[in-house]
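One structure below.
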Amino acid sequence: MAQFVTVETTAPEYRCYLRGEFSKSERALPVPLLEANARGNQATFQIVSVTDIKQKPFYLKLTELYRFELWGFTLLPVGTICEWAGDRSWPTLLLLFAAMFFHGAVFAFNDYFDHMQGVDRMSEKRGSRLIQEGQLRAIDVYRIAWVYWVLAILTGLPLILQNPKVIYFLAAGIILGTLGSTYSRFGVKALAINDFTVFLCLGPLLTGSVAYVMAGKISAPQLVLGVGFGLMAAIYVQARHLSTAMSDYRAGVQTLAVRLGFDKLKALLVLEAATVFGVYAFLTGIQWHEEHFLKFLVVLLLVAINIFFMLKSILEIRSPASSRAESLPALVSRCQFWITIFLFVFFA
Amino acid sequence: MNLKVYAPDDFPSYLPKLNALYDDLFKHGKGFRSKLIQRISKYLQLKDDQVHLLAQTIEFIHNASLLHDDLIDRSPLRRDKTAAWLKYTPEYAVLAGDYLLARVMVNLSRYGNLPLIQLTAEVISDLLEGEWIQDSLIEDWDVSLQQLDRVHHLKTASLFKWCMRGPFIMAGKNDDELHKTLIELGSLLGILFQRSDDLLDFNIRNNEGKAILGDLKSGYMNSFAAFLTKELNEKKRAQFRESQTLEDVYKTLGEDFFFKKLEEFDQHNMKVISLYEHHLESLKKYLHTEQQGLLADLASLPGILYWRKV
């Protein structure tokens, strides 16, 4: 018979259960909430022996925690701009490593904080689910996140020392990222436009700062490409929020999906997807007499195919509970992955 | 208890066919929800008219949803009889459902228990939301069990939550923490009931002789169907969708696979039952000594609702 424990969120043992520190031989798996606005001041956990959970090999856990499938939003855009800037020397390698470790840190911290704030109990589609399945304790994920973070700083530090102005880009990213993820009165999350900070941080700010680090200057096409990357990242976030709109609405969480409503958000997604195509069409157009024109044309064709499938999927979504809504984020990340892989390969 | 009539002005006789329609509707129902109300109310020492009002309210809301459901789904039968929309007219079926909800509001507002009115209004709202979303899932063959649970939580579980909370509110027990526990219990009962109902579609523990594969033929993937087909390839899923009989299902999936998945589904739901029993323990502290018998009564419900024990 399954064993459960309910604890007050103010009790000292709550944090122990949450972080997995209450026992070495057992895991406390958070019980999903169906009543989205019932989080209240209690949480229920299922206590399971570690030996009763079929443990995946550690390398597989690390792989799933790392979220390779989201490289299309982080590492591959960084790599694309590095190659576009034409640099092949050690700064490129260091920047790629820094981006790799930063990616790992961000998503591991995301898993940890979602779990600590109880967000994972409201939606089964967030994060890697390793904590919720008992594969890793929250404290382990936290430690792994810090290892990635330290490695990101160590590999990124020489780049900052080489060009101290990079600090301004980093500061802008950190400020935007913080504003975008907080509900404080200065935060944009409460205004339901944290998608906009995602657009900036994974879009023009990312491509602009990488171009600046690599070549000491930023070109307009690199910023425009950043717009394309940022829009896809925003679409991904909005697609996720579309599928959790029912529970977010009932829990009082203000996302853009909740604010705009189902129909208007679908329209926005269609507009954004069309704009992504427009961005690549524009970039291809301005390359007309340049050496990269044919490469851009091939990428444009690939983008057209991917955008077509995305639009088809968006238009087929009939409600937030539908399977199309659930699968849209994965489709968007796959599309972005293939687009950026091709860009990366073509610029190499 | 005559659930149909609480107030003298319930169901005026001058409205043509109204009483006949309701007599048909209430005649063959099991009245499980009103029986649950009566069970709980016994321990809270509610007066007869209070129990009557609660029982009528929940049966009216439930039957209103059935009238509308049958029309939306174009189901020809309800409880082995011709559905109201077909026997009378679709217009009468809609109006009859609306009329039941209106009588609920009239009788409750006359009684004057504001928290009960508020709870009832919320439940009706949740029910309609669940119905709205469920309609969008017709022919969505890839819907996940988790999303179905959210819909069922609105549609089915909301009524069970009302059954758990209504008597306590009527008894003047409005403690927040008590009601959080009642909400958990009601939610879990609702999920168990729905999943058991979904198994009937595949002739599992089908003592009441419900039509086989009715949901699938209507284009709706119920919770067990979603569970069965989760890991299948597209070809097998397409074949499954075309099934007209249980033999077709066994042929497509393999009988061994089918019953293995049934066992897994039952184990999955046994965890839900364990969670229910866990929350039932926490109800103890809100009950006086003479009310502790309620726990044993409530403990028997998963057996009745999920395992269909008579």
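The values are calculated or read from the model by the stated rules, or taken from the named source; none is laboratory data. Since this is a predicted model, take the numbers as computed values, not measurements. Methodologically, a virtual Cβ is constructed for each residue, glycine included, from the backbone with ideal geometry; neighbour enumeration extends over all protein chains shown. Just so you know, the surface numbers come from the protein's heavy atoms only, side chains and all, with ligands and any DNA or RNA stripped out. Shrake-Rupley method; radii C 1.70, N 1.55, O 1.52, S 1.80 Å.
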So, with points 7 Å from each Cα along the Cβ direction, the B:T245-B:K42 label distance in nm works out to 4.5 nm
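Pop the C-beta distance of A:A171 and A:E69 into the FRET formula with R0 = 25 Å and round what comes out to the nearest 0.05.
Calculated transfer efficiency: 0.30.
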Listed by chain and number, the lysines with an alpha carbon less than 16 angstrom from that of B:K35, same-chain partners under 8 positions apart left out, are B:K4, B:K27, B:K47, B:K161, B:K309
Residues meeting the amide H criterion for A:F4 (H placed from the backbone, H to H distance under 5 Å, 5 or more places apart or on another chain) are A:I47
Expressed as a whole-number percentage, the relative contact order of chain B with C-alpha contacts under 8 angstrom and at least six residues apart is 17 percent
Going residue by residue through segment A:319-327, the Karplus relation 6.51 cos²θ - 1.76 cosθ + 1.60 with θ = phi - 60° gives ³J(HN,Hα) values, rounded to whole Hz and with x marking Gly or Pro, of 6, x, 7, 6, 5, 4, 5, 5, 8
Result for segment B:50-131: accessible area per residue, probe 1.4 angstrom, in square angstrom, of 42 Å²
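For chain A, divide the Cα radius of gyration by the Kirkwood radius and give the resulting Rg/Rh value with two decimals.
Looking at chain A, the ratio lands at 0.99.
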Between the residues A:I218, A:V303, A:F262, the Cα farthest towards the positive end of the dipole of the protein assembly as shown, that dipole coming from +1 and -1 charges on the beta-carbon of Lys, Arg, Asp and Glu, is from A:I218
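Please give the calculated 222 nm ellipticity per residue for chain B, where each DSSP H segment of at least 4 residues contributes -39500 (n - 2.57) and the sum is spread over every residue; nearest 500 deg cm²/dmol?
Rounded to the nearest 500, it is -22000 deg cm²/dmol.
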Descending accessible area (1.4 Å probe), largest on the left, turns B:V123, A:V270 into A:V270, B:V123
Candidates B:G190, B:G166, B:G293; GNM for chain B (alpha-carbon contacts under 10 Å) flags as most fluctuating B:G293
If amide H atoms are modeled at 1.01 Å from N in the peptide plane, then the residues at a separation of 5 or more from A:E26, or on another chain, having amide H under 5 Å from its own are A:V50
Zone reached by a paramagnetic label modelled 7 Å from A:A215 Cα along Cα→Cβ, restricted to segment A:294-311 with backbone N below 20 Å, covers A:294-300
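Quote to one decimal, in nm, the extra length available between A:S25 and A:V147 on full extension: 0.36 nm per residue of separation minus the C-alpha distance between them.
Numbers: separation 122, 0.36 × 122 = 43.92 nm, distance 2.44 nm.
Length gained, A:S25 through A:V147: 41.5 nm.
Considering every residue in B:214-225, what mean count of other chain Cβ atoms within 10 Å of its Cβ is obtained?
For peptide B:214-225, the averaged partner shielding equals 0.
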In segment A:98-136, the residues losing 20 Å² or more of accessible area (1.4 Å probe, heavy atoms of protein chains only) relative to their chain alone are A:E124
Only helices counted: for chain A, with every DSSP H run of 4 or more residues adding -39500 (n - 2.57) and the sum spread over all residues, [θ] at 222 nm is -21500 deg cm²/dmol
The size of the Cβ-based charge dipole (Lys, Arg +1; Asp, Glu -1) of segment B:1-138 about the Cα centre, to the nearest 20 debye, is 620 debye
In short, segment B:262-280 residues buried by 40 Å² or more of accessible area relative to the isolated chain (1.4 Å probe) are B:K271, B:S274, B:L275, B:H278
Partner lysines whose C-alpha sits under 23 Å from that of A:K56, ignoring same-chain residues fewer than 8 away, are A:K24, A:K125, B:K230, B:K261, B:K271
Between B:E264 and A:H289, the FRET efficiency computed from the C-beta separation at R0 = 45 Å comes out, to the nearest 0.05, as 0.10
Between B:N206 and A:S49, the FRET efficiency computed from the C-beta separation at R0 = 45 Å comes out, to the nearest 0.05, as 0.80
Sorted by accessible surface (1.4 Å probe, heavy atoms of the protein chains only), largest first, A:M100, A:M122 come out as A:M100, A:M122
Heads up, segment A:18-81 by the C-alpha gyration tensor (a ≥ b ≥ c square roots of eigenvalues; a/c under 1.5 rounded, else a/b over b/c prolate, else oblate) looks oblate
Counting only protein heavy atoms with a 1.4 Å probe and every protein chain in place, the carbon and sulfur fraction of the accessible surface of the protein assembly as shown in whole percent equals 61 percent
Interface call, segment A:297-335: threshold 40 Å², probe 1.4 Å, accessible heavy-atom surface of protein chains, chain by itself vs complex, result A:R318, A:A321, A:S323, A:E326
With the 1.4 Å probe rolled over protein heavy atoms, segment A:1-146 has an accessible area per residue in Å² of 45 Å²
Rounded to two decimals, the Debye log10 I(q)/I(0) of the protein assembly as shown (Cα scatterers, no solvent) at q = 0.07, 0.09, 0.12 Å⁻¹ is -0.55, -0.86, -1.32
Sorted list, accessible surface of protein heavy atoms, 1.4 Å probe, largest first, for A:I81, A:I174, A:I167 is A:I174, A:I167, A:I81
Counting only protein heavy atoms and rolling a 1.4 Å probe, one gets per residue an accessible area for segment B:167-210 in Å² of 30 Å²
Taking the square root of 5λ for each eigenvalue of the C-alpha gyration tensor of chain B, the equivalent ellipsoid has semi-axes, largest first and in whole angstrom, of 33, 26, 15
Result for interface chain A to chain B, accessible surface buried in total, 1.4 Å probe, Å² to 100, stands at 2500 Å²
So, relative contact order of segment A:69-184 in percent, Cα under 8 Å, 6 or more apart, is 30 percent
Partner shielding of B:121-134, as the mean number of partner chain Cβ atoms within 10 Å, equals 1
Segment B:25-49 scanned against label point 7 Å out from B:V5 along Cα→C-beta; backbone N under 17 Å for B:25-27, B:49
Heavy-atom accessible area of A:V166, protein chains in place, probe 1.4 angstrom, given in Å² to nearest 10, is 10 Å²
Distance in Å, no decimals, from the C-alpha centre of segment B:10-35 to the one of segment A:277-348 is 58 Å
Which of A:T244, A:T80, A:T178 fluctuates most in a GNM of chain A (C-alpha springs under 10 Å)? That residue is A:T178
GNM of chain B, Cα pairs under 10 angstrom: of B:A296, B:A171, B:A84, the biggest fluctuation goes to B:A296
